[in-house]
Amino acid sequence: MVKKRNLKEHLTDDTLDLSLSELQSVPVKEIAAIPKATCLDLSSNQLTTLGLNFAPSLIHLVKLDLCRNQLTELPENFGLLVNLKYLDLYRNKLQTLPLSFCNLRHLRWLDLKENPLVPKMMQIAGPCLDAQGCQFAARNVVKFLGELNREVEAEKLQKEAHEKKQLEKELLEQAQEKRRPKKKKKRKTLPNWLKTIRKKFQKTVVPLQK
């Protein structure tokens, strides 16, 4: 297993080779301290996740090899790797990719073979059987996720607009209710026939003598 303090021993020119190192987590902080390493090989390890600090810390990466790991998902902010041109995800456990993937506009090579992708993503990526297929996958996946992201954002804005309209309507109704004059309670009056009886009764009452 690679020791963190010995990472530079695995550096050749611009490539940091940490393949076959039995890694269960990525030493992000130590890798980020070697900005010269624009090519990172993490293939054939035991990685199940990359962590949210992976992409923001390693924006300088141009080539990333993650094949033959156990990745079930990529972090939502994976699209921060805007300089990435080459990405190998062969033989992992990915079903889909995050929407931020659409920001990888420089991506020219993508291998998604032997991942349990959802049917739509599998159709978009294609078989990736050769270099041309991997170039096709990179172009089409980024384009597809870009379109999907725009749809999601449009739905989000529409929902927010609807909620805002509903709130404004409720506030307006409350304001109108406050301005509406309150109805005065009418004093109950006795019917005429009852008034007549009461007058007669009052006349017949004999005042008490002191």
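None of the figures in this text is laboratory data; all of them are computed from the coordinates on show. Nothing here was measured: the structure is a model prediction, and the numbers come from that model. Glycine gets a Cβ as well: all are built from the backbone with ideal geometry, and neighbour counts include every protein chain shown.
The orientation-averaged projected area of the convex hull spanned by the Cα atoms of the stretch 72-111 comes to 2.6 nm².
Across L157, L107, L61, mean-square fluctuation computed from a Gaussian network of the chain (C-alpha pairs under 10 Å connected) peaks at L157.
Its residue count N sets the reference 2.2 N^0.38 Å, and the alpha-carbon radius of gyration of the stretch 23-86 equals 1.01 times that reference.
Where does helix 131-179 land angle-wise versus the long Cα axis of the chain, in degrees 0 to 90, nearest 10? Long axis of 131-179 versus the principal axis of the chain: about 10 degrees.
Counting neighbouring Cβ atoms within 10 Å and putting the fewest first, the residues R179, R108, R198 line up as R179, R198, R108.
For the chain, the relative contact order comes to 11 percent (Cα pairs under 8 Å, sequence separation of at least 6). By the count of neighbouring beta-carbon atoms within 10 Å, fewest first, I124, I197 end up ordered I197, I124. To the nearest ten degrees, helix 192-204 and the longest principal axis of the Cα atoms of the chain are 50 degrees apart. Within the listed set Q174, Q123, Q70, the residue fluctuating most in the Gaussian network model of the chain (springs between alpha-carbon atoms under 10 angstrom) is Q174. Stretched out straight at 0.36 nm per residue, the stretch from E153 to T15 would grow longer than its current Cα-Cα span by 46.0 nm.
Please tell me which of these pairs span more than 27 angstrom C-alpha to C-alpha: K63/K143; K93/K159; K29/K120? Distance filter (> 27 Å) returns K93/K159; K29/K120. With the cut-off at 1.5 for a/c, could you classify the stretch 70-182 from its C-alpha gyration tensor as rounded, prolate or oblate? Note, shape of the stretch 70-182 comes out prolate.
Each principal axis of the chain carries a Cα extent, and these read 124, 42, 28 Å when sorted largest first. In the chain, the sites counted are GluC sites (Glu not before Pro) in DSSP loop states with at most 16 other Cβ atoms within 10 Å, and the longest stretch holding none of them, exclusive of the sites, is 115-210. In a simple Cβ point-charge model (Lys, Arg +1; Asp, Glu -1; nothing else charged), the chain has a dipole of about 4420 debye relative to its Cα centre.
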